[in-house]
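Below is one structure, written out as structure tokens, with a few remarks after it.
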Amino acid sequence: MSLGRVLRNAAIGVLAVLWLVPTWLLVVNALVPAANYSGSPHWLPEDFGLFDNMSQAWDKAHLGPALGNSLLYSVVSAVAAAVLAGFAAFATIVMPVKRQALWFWVIYSGTLLPLQVFIRPLFLSYAHTSLYDTQLGLVLIYTAIAVPFAFFVMRNYTLTLPREVVEAARMDGASWWRVFWQIHVPLTRSAMIAVFVFQFVAVWNDLMFGITMATSRNIRPVMAALADLQGNYSNVGPPVVLAGALLVSLPTVVLFFAAQRFFVSSLKIHR
Amino acid sequence: MSTYTTGRRPPGTTGTPPAPRRTTPRSPREHTRATVRQRLTAGGFMAPAVLLVTLFLLAPFVWTVYRSFFSDTRTAPFSWFENYSLFASDPALSRSIQNTLMWVVGTVALPFVLGLAIACMTNSGRFSRLARLCVVLPYALSGSAVAVVWNFMLTTDGAVNQVLTGVGLDSLAQGWLLTWPGNTVVMIVANAWQATGVAVILFLVGLQSIPPETLEAGSLDGASGWQQFRHIVLPQLRPVSIIVIGMSLVNGLKSFDLIWVLTQGGPGRATETLAVSMYNETFLELRPGAGAAIAVVLTVIVLAASWLYLRRQLDVKGV
């Protein structure tokens, strides 16, 4: 027994350390004051230059507006997707709708296709309609991309709910609108939160639409700004780039670990 | 199709005065009007999602398929499958296909094997939570941030070369992102570093749903640890395994951020996968027809891969 256990613990230890090395180097070298960086990676923290590096990254990559934009895009798109997907799931499952399967596939098919297949037509039509390089344009795209999967999660969750509550409310004369907001939304709250967290992270982490649909510094989202900063790697130096990466990752890392329960539940629903 | 507004009063309410509009049975015409109104309401609930998806996703998809049949010369004539034949004639695209295959194999095999091993080993034990945290942590990072971290690891004066020279293996130190196929391999490793976390989470969920009785029965019958794993645990993890494989496969095919930030598909066009080639052809080489054809091919592959695990999902949910 003991040999097996020793071997197992050794394997866990080695894997954990291997996995931790890049994360460790990210944090340690983001701490090194940019001026002190000697040209090769540091393995132990010395001096505390993190905030200085972050503020350099903030200035060089114009992270202020980018963070604000990403917050706007992520919150609005994730909320909109959760509500719209909630509407659609409510209509197809709770309300007596014909051709449920057709509507399911119309909405759900969007999440099966790779994003590359949408991007040029969207780019062209945005260029024609002055939605290009606007906040509204990005919010619309992010919402549209988020809706199909959000719908899938909401729908599967709605299927597990008892129908009696809604029927009782309908017989008491409540309108569908009221039934949705006062009964259905409270019942599906946990799925909605799961959808929100999932889509918030997805939108926050998007790079492709950020670099394609926006060019201005006060429109582009945060990952586009980070890619820009990385492009200046040799000029600004590794500590500043790493501090920038750390800074833009903080919101989603915090959200991920605070809402891990919801993440796991949305993955389970995914099954 | 049932309507909520007519009939079906709960029993026992006959004594109390019912709502006025329910006292008389409805005439057929009233009935249909109620049904129509109900359909309209349902349509209203569905319309925003359906419109958004149709306008922003399905219509562009159709347009891209259409565009892929027109060539990239100035007048852009209809050219049947000329754009698709580029896969055979253009060396950059052949390389892109090769890389995509490598990505598919790597992104399925590495997270699957490592995720399963880590989940099984950390399912119980004292340090297991901590060890698991180390592995799940990168999953919370974006593809772009992962690229920044791994650029730091892999550049010529990066951490990997520093370690190699430090332990006297100078000959192994190299420009990791500069030569093919090494650069694609290290990016697949970087991807696995991030993606294994989600596989671990899913396998843990699967492990915890295995009834402990089956394992007890196995050990009573004298099965060794390995036999238990092979014949009791593994078969019961089959559903989760299919999801993990399907998800990693699709995510690997769609992966863009990591490659774009690390190499932009370069040097030359050596590290492009189909997802990156499409972007390059369309927006940098300005050959939208070729880009559209790549996008369509990518779609077909992604759909085929999705089918693997979707079939199960949709069977269970009964669409």
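See the values below:
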| quantity | calculated |
| --- | --- |
| Answer from A:F123, A:F104 - the residue that is surrounded by 20 or more Cβ atoms within 10 Å (Cβ to Cβ) and either in contact (Cβ under 8 Å) with a residue 40 or more places away in the chain or not in a helix (DSSP H, G or I) (or both) | A:F104 |
| Evaluation of B:S241 against (1) under 30 Å from B:V148 (Cβ atoms); (2) within 12 Å of another protein chain (Cβ to nearest Cβ); (3) not basic (K, R) (one fails), failing number | (1) |
| Unique match (being closer than 30 Å to B:R39 by Cα, assigned by TED's automatic domain parsing to the domain that holds A:F123, in contact (Cβ under 8 Å) with a residue 60 or more places away in the chain and in a helix (DSSP H, G or I)) among A:M223, A:M192 | A:M192 |
| Hits in segment B:259-291 - residues which are part of a helix (DSSP H, G or I), out of contact with any Pro (no Cβ under 9 Å at 6 or more places or on another chain) and not hydroxyl-bearing (S, T, Y) | B:I259, B:W260, B:V261, B:L262, B:V276, B:N280, B:F283, B:L284, B:P288, B:G289, B:A290, B:G291 |
| Test result for A:A259, assigned by TED's automatic domain parsing to the domain that holds A:A66 and surrounded by fewer than 20 Cβ atoms within 10 Å (Cβ to Cβ) | yes |
| Qualifying residue in segment B:127-142 (condition: over 18 Å from A:V253 (Cα atoms) and either in the same structural domain as B:L308 (by TED's automatic domain parsing) or surrounded by fewer than 17 Cβ atoms within 10 Å (Cβ to Cβ) (or both)) | yes |
| Unmet criterion (only one of (1) more than 7 Å from chain B (Cβ to nearest Cβ); (2) under 27 Å from B:Y309 (Cβ atoms); (3) at pLDDT below 90) for A:G110 | (1) |
| Answer from B:A92, B:A88, B:A76 - the residue that is more than 24 Å from A:F256 (Cβ to Cβ), in contact (Cβ under 8 Å) with a residue 24 or more places away in the chain, surrounded by fewer than 16 Cβ atoms within 10 Å (Cβ to Cβ) and more than 13 Å from every other protein chain (Cβ to nearest Cβ) | B:A76 |
| Number of positions in segment A:137-151 that are closer than 12 Å to A:F198 by Cα and either at the interface with another protein chain (Cβ under 10 Å from one of its Cβ atoms) or buried (at least 24 other Cβ atoms within 10 Å of the Cβ) (or both) | 3 |
| 2 or more residues surrounded by 14 or more Cβ atoms within 10 Å (Cβ to Cβ) and within 16 Å of the chain's Cα centre (by Cα): qualifying helices (runs of 4 or more DSSP H) within segment B:172-258 | B:182-208, B:238-254 |
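The values are calculated or read from the model by the stated rules, or taken from the named source; none is laboratory data. None of the values given here were measured: they were computed from a predicted structure. Here the Cβ is made from the backbone with ideal geometry for all residues, glycine too, and neighbour counts use every protein chain on show.
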